[in-house]
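Input: a single structure, listed below in structure tokens.
The values are calculated or read from the model by the stated rules, or taken from the named source; none is laboratory data. This is a predicted model, so every value here is computed, not measured. Ideal geometry is used to build each Cβ from the backbone, glycine not excepted, and the neighbour counts take in all protein chains shown.
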């Protein structure tokens, strides 16, 4: 017969774990609800089409920051995706030696480096020699951040392709390169693309490495050599500003950024779980 | 096809070399070389990162030596730079966050792995992992406008309970080490929950059945059998969360108060390594000032590398134990 005390401890502790879960999930719902309420309601079409206005002048938007973020992401993709993807191909298809272990270990290491340190890296490589902030340096910082995630996700998805497919192609006389190119990569295509989307969503919200590389700009930023505005940096500068008007805009920008990031994440995860269940 | 045709004549006689060209034509070696180059780029970038941090922090390293880490004056005007207040701020906010996040995170992981039905557990884990995808600047935004006013409102209650300790003394303006700790807690909980849940789920069912058969309650089974079995993996998740909170920049910068002093009270404003880099880097003038900030970056890099390394070892040993 269970003692009353043991039963009570059981009931109390188990319900406490439930409370912990509710707190964690509640926080997310609170964040979503609050941003929806505060940012979503004040969002107008101006936000997407207009430049920021001077302090005190109503209206205005963050069109330059949206374009700036897009440019930075494009640049980052050009650096991060090819290196990451091909590195992943190496690990999945040619690896297996101790060199692969070193590469994997370094990748994890680079993945754990705080984003602000990556920012310093881009600063010392581009901003310091050039003497001015630029879109280029911001793109490099985000690109470096993309590499480790790209490498690990492409390795995982390529490895998930059954060996029998590779053997089939080899048996038909295809070379290894041809097998990878025409059989393995197409088979892993959906996963690879999803990995890229998740990767982009992650770096799209990065603020710290951009503060002293892309720096920010209140106007359009033509070309790649000038400082540029980016959505997350804009949220930061507007949030810590003393003007109520700017703070309101920070909420709208926060709402847009969060919706972007969450939409990509939800879609990507849905695709992945769907594929995961069909594979089994 | 990529091989230049002029070299074809020279390689024809040798059997090995012609085999090489043939393989090159079929693309295998090209693919190998290209992908290997990309894999090596990772090593090169990491090495370059360390080198650049080291090279650009040479001036303060020569001027201050090791005392950089243990002096607490940060005065750009006088050219005096000591990292201690920032190191303290980084460590204390992370410690505070772990103190709150470990019980909450492990508790939620237990619920999701042991109690909740699989469907609900998966759905909730999905939501919690979404929380991990929320950009740090959004946490900062909510920190400034929601958390700080809320903490100011409940401050008398906290003080009534804990005010007798030096940790909760002195005036409270809202922005403080404590606020930063709370924001970090929310940010690292998803990591602890999702990894711990995986590890707990990996504990063999026989372990639970054995304990239950001996008459243990559900809680006793979980606490005395399952958790000890999964201990190393849970520790790994905690270390990963710690590494993340040490390097966390934006959310902390926005609520910590940015004052380079060491106060015994958690209610007082502070400063963290990442925050000072974010705030002062673009305005730093002179090699000494900039170099000092880069050296702070180097310190942060070292800290996270050590913690991450420990985390990997822990997670690796548990997963090995789980499979064998």
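Worth pointing out:
- Residue among B:312, B:244 that is in a helix (DSSP H, G or I), on the phi < 0 side of the Ramachandran plot, facing chain A (nearest Cβ under 10 Å) and crowded, with 20+ Cβ neighbours inside 10 Å: B:244
- The set of residues in the range B:112-139 being within 20 Å of residue B:250 (Cβ to Cβ) and more than 7 Å from every other protein chain (Cβ to nearest Cβ) consists of B:132, B:139.
- If the condition is being away from every other protein chain (no Cβ under 14 Å) and either surrounded by 24 or more Cβ atoms within 10 Å (Cβ to Cβ) or within 18 Å of residue B:96 (Cβ to Cβ) (or both), then the range B:183-208 contributes only B:199.
- Any hit, the range A:194-212, residues being at negative phi and surrounded by fewer than 17 Cβ atoms within 10 Å (Cβ to Cβ): yes
- Single residue of the range A:230-270 satisfying the filter (buried (at least 24 other Cβ atoms within 10 Å of the Cβ) and more than 15 Å from residue A:40 (Cα to Cα)) that is farthest from the chain's Cα centre (by Cα): A:239
- Test: residue in the range B:37-53 that is over 29 Å from residue B:298 (Cβ atoms), facing another protein chain (nearest Cβ under 9 Å) and surrounded by 20 or more Cβ atoms within 10 Å (Cβ to Cβ): no
- Residue in the range B:263-275 that is closer than 30 Å to residue A:129 by Cα, facing chain A (nearest Cβ under 8 Å) and surrounded by 23 or more Cβ atoms within 10 Å (Cβ to Cβ) present: yes
- Check on residue A:227, within 13 Å of chain B (Cβ to nearest Cβ), more than 19 Å from the chain's Cα centre (by Cα) and modelled with pLDDT of 90 or more: yes
- Residue check, residue B:180 more than 14 Å from every other protein chain (Cβ to nearest Cβ), surrounded by 16 or more Cβ atoms within 10 Å (Cβ to Cβ) and closer than 30 Å to residue B:314 by Cβ: yes
- When the helices (runs of 4 or more DSSP H) confined to the range B:3-118 are screened for residues that are modelled with pLDDT under 90, those reaching at least 3 such residues are found at B:8-11, B:15-26, B:28-56.
- Qualifying residue in the range B:152-171 (condition: surrounded by 14 or more Cβ atoms within 10 Å (Cβ to Cβ), within 14 Å of chain A (Cβ to nearest Cβ) and either farther than 23 Å from residue B:273 by Cα or modelled with pLDDT under 95 (or both)): no
- Filter result for residue A:49 (in contact with a helix residue (DSSP H, G or I) (Cβ under 6 Å, 6 or more places away or on another chain), surrounded by fewer than 20 Cβ atoms within 10 Å (Cβ to Cβ) and at pLDDT below 90): yes
- Here residue B:145 meets the list (1) buried (at least 24 other Cβ atoms within 10 Å of the Cβ); (2) out of contact with any helix residue (DSSP H, G or I) (no Cβ under 6 Å at 6 or more places or on another chain); (3) within 11 Å of chain A (Cβ to nearest Cβ) almost entirely, failing just condition (1).
- Failed item in (1) within 8 Å of chain B (Cβ to nearest Cβ); (2) under 19 Å from residue A:259 (Cβ atoms), with residue A:87 passing the rest: (2)
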